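Step one of this worksheet: look at the structure below.
The values are calculated or read from the model by the stated rules, or taken from the named source; none is laboratory data. This one's a predicted model, so the numbers in the text were calculated from it and none came from an experiment. Because the Cβ atoms are built from the backbone with ideal geometry, glycine has one as well, and the counts that use them run over all protein chains shown.
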Amino acid sequence: MANIIALGELLIDFIQIGVSDIGNPYYEANPGGAPCNFLSMTKKLGNNSAFIGKVGNDNFGLQLEKAIKEAGLDTTDLIKSDKYGTTLAFVHHDDTGDRAFTFYRNADAFLSEDDIKESSFENKDIFHLGTLSMTNEICKGATLKALKIAKKKNLTISFDPNLRTNLWDDENKTREAFIIGFKACNILKIADNELQWFTGIENLDEAIKSFRKQYPIDIIFLTLGKDGSKVYYKDLYISAPTFLNVKCVDTTGAGDSFMGSALSKIISYGLNNLNEENLKETLLFANAAASLVASKKGVIKILPSEDEIETLKATLKK
């Protein structure tokens with residue numbers, strides 16, 4: 001068990017659930033946002049998990065507050081703004097279940113330095129962040145302040161960049177945010193397309209080799225969609241397949257649940273006690289969690305239990 005705190009976006013994911021009689025799509029308002037998806041998975045697996053962020057003081061914001069409280073997250077540092085509405089994201093799917101997003105960005109982008117309190121980081125072990133809390137100078141200032149405090153208190157830094165190019169007005173600023181995370185973190189989760197985008201190298205083996213020379217991060221998880229995942233730790237390189245026996249319905253939150261599960265596993269083993277065997281088990285466990293999340297619509301309210309994850313994981317060994 002660890003005490004984990006994360007900062008970033010908490011929003012409503014509007015996920016299409018059907019088409020009306022006259023052909024219009026209709027959507028369900030699901031609680032979402034990568035940091036809270038991640039935190040909710042870590043809490044489900046027995047950690048103490050706290051969130052720093054901002055929503056609107058509106059019906060959507062109240063829905064989100066209720067959802068993450070029900071998920072067991074500490075909401076002491078959840079701010080409800082009277083000035084800005086809750087951020088909304090509309091999720092569009094192709095035939096494979098993969099997604100594109102349309103964002104209506106509001107409150108989360110206005111988390112400021114004044115909202116960040118050093119006391120929030122007391123008695124914490126891990127600080128988790130992404131890049132979407134750095135898309136403008138206001139929320140970037142808050143993120144950098146939080147990161148500085150976390151470093152001062154010797155927290156382990158976990159980073160998941162979560163590339164969303166349509167939320168940035170300048171690709172150079174996107175790259176800068178990635179680099180801030182890469183330089184700060186001890187544990188990284190990065191998707192194959194994010195690695196290729198950042199390095200400009202199509203071949204993943206060459207891309208990770210080049211990347212690790214520049215950023216010697218302690219533990220790197222590389223997610224590969226239907227091709228599973230890989231982990232790089234010291235001289236170890238391990239891969240594991242995903243669970244193609246589970247039908248993919250909606251990949252929203254799959255990467256976040258992967259990271260929450262993977263981090264929880266390596267915490268249970270001990271960050272200084274990792275080896276080939278327990279890292280392989282970590283990948284299989286995290287792949288199973290991600291597959292279960294991708295088999296349903298929504299994230300926070302449908303996260304699998306440890307028993308459900310282990311049950312699916314065992315099917316690969318039969």
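Miscellaneous remarks
- Residue match in segment 166-174 (condition: in contact (Cβ under 8 Å) with a residue 24 or more places away in the chain, more than 28 Å from S120 (Cβ to Cβ) and loosely packed, with under 14 Cβ neighbours inside 10 Å): yes
- Residue check for L236: buried (at least 20 other Cβ atoms within 10 Å of the Cβ) and over 27 Å from V91 (Cα atoms): no
- Residue check for I208: among the hydrophobic types (A, V, I, L, M, F, W, C), at pLDDT 95 or above, surrounded by fewer than 18 Cβ atoms within 10 Å (Cβ to Cβ) and part of a helix (DSSP H, G or I): no
- Of all residues in segment 191-204, those that are under 16 Å from Y232 (Cβ atoms) have Cβ atoms under 6 Å from Cβ atoms of residues that are aromatic (F, W, Y) and assigned to a helix (DSSP H, G or I), 6 or more apart or on another chain, in F198/F178; T199/F211.
- Filter result (in a helix (DSSP H, G or I) and in contact with a strand residue (DSSP E or B) (Cβ under 8 Å, 6 or more places away or on another chain)) within segment 291-318: I300, K301
- Criterion applied to L284, L263 was being in a helix (DSSP H, G or I), more than 28 Å from G141 (Cα to Cα) and either touching a Leu at 6+ places or on another chain (Cβ under 8 Å) or in contact (Cβ under 8 Å) with a residue 40 or more places away in the chain (or both), and the one residue passing it is L284.
- Residue match in segment 254-263 (condition: on the phi < 0 side of the Ramachandran plot and surrounded by fewer than 17 Cβ atoms within 10 Å (Cβ to Cβ)): no
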